[in-house]
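Here's the structure, in structure tokens; my notes come after.
Here, each number is a calculation from the coordinates, and none is a lab measurement. A quick note: this is a predicted structure, and the numbers were derived from the prediction, not measured. Quick reminder, even Gly has a Cβ in these numbers, built from the backbone with ideal geometry, and neighbours come from all protein chains shown.
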Amino acid sequence: MNIIADLHLHTVSSGHAYSTIEEYVAQAKKIGLMAIGISDHGPAMPGAPHAYYFSNMGMIPKMMDGIRVYRGIEANVMNDRGELDLSDHDLSRLDFVTAAMHPLCGYENQGEEKNTQVLEKALENPHINIIAHPGNPKYPINIEKTVSMAKEKGVIIEINNSSFVYSRAGSWERCLAFAKEVKRQGWKVILSTDSHISPMLVNFDKAIELVAAAGLSDEDVVNTSLEKIEKYVLKR
């Protein structure tokens, strides 16, 4: 599977990551990626940047040393109303928005039924393009309903390689179930490294293994071409 872009990586601005944008660009060029997406954590994450950081992202060049650089955020679901931790005005100025549930960021796990209801409310936000690590067992959500909601709203399901290697232990079975459900419903996934340091940028191996096991092909994976990224992520 030929992955040409990674839209989930964190710079030093996230507070618990270790590389700059320039270091990610250099790594992307070294390993043959065509594009990267900066998705630093939203302001509710301890140590994350202020809202000003995201409103100022227009200063980041769209092309750096031959690599396309997309400006985005991994926004946090804040509360039972599904609200995110950045204003709609600021979200609208970004290339893409990834939404996620994280501990200590406002919304805490309330069980599968409630988590799914809250995610459904979040997906009413027209700026969301991707659901991050939905197979996280710390925030269980209904798999069939989530894929159905995502497809209806045009939101892509992420398969997060870091979940299997560095974080979110126990994610494999739920992520596999998500991938199989995506295949059944005829929707799309995006693979990511969730890098917090530039050498991680090459690590798609477990995510590729998982989607292959679910019967997904290059056609089902958005970040196998810039054209599909444009169609399924940037045009939401």
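A few notes on this one:
- Each residue of region 45-179 gets 123 Å³ once the volume of the Cα convex hull is shared out per residue.
- Square roots of 5 times each gyration tensor eigenvalue, C-alpha, region 11-96, largest first, Å: 25, 14, 11
- Environment charge at G186 (Cβ cut-off 13 Å; Lys +1, Arg +1, Asp -1, Glu -1): +1
- Difference of contour (0.36 nm per residue) and Cα-Cα distance, S148 to E108: 12.1 nm
- Estimated 222 nm signal from helices in the chain, with DSSP H stretches of n ≥ 4 weighted -39500 (n - 2.57), rounded to 500: -8500 deg cm²/dmol
- Stretchable slack from Q185 to K138, in nm (0.36 nm times residue separation minus alpha-carbon distance): 14.4 nm
- Model label zone, D88; criterion: amide N under 14 Å from point 7 Å along Cα-to-beta-carbon; scope region 66-81: none
- Nearest-0.05 FRET efficiency for Y52 and K231, computed from C-beta distance (R0 25 Å): 0.20
- Exposed loop sites here are GluC sites (Glu not before Pro) assigned a DSSP state other than H, G, I, E or B and surrounded by at most 13 other beta carbons within 10 Å; excluding them, the longest clear run of the chain is 125-236.
- Dipole of the chain computed with +1 at Lys/Arg Cβ and -1 at Asp/Glu Cβ about the Cα centre; of V77, S192, H102, farthest Cα towards the positive end is S192.
- Mean Cβ neighbour count within 10 Å, used as a protection proxy, ranking 131-137, 166-172, 58-64, 99-105 highest first: 131-137, 99-105, 166-172, 58-64
- For region 5-234, a crude dipole built from +1 on the beta carbon of Lys and Arg and -1 on the beta carbon of Asp and Glu, taken about the Cα centre, is about 240 debye to the nearest 20.
- Largest first, the three principal axis extents of the alpha carbons in the chain are 44, 37, 31 Å in whole numbers.
- Within region 165-228, all pairs of alpha-carbon atoms sorted by distance into 10 Å bins from zero give the percentages 20, 51, 27, 2.
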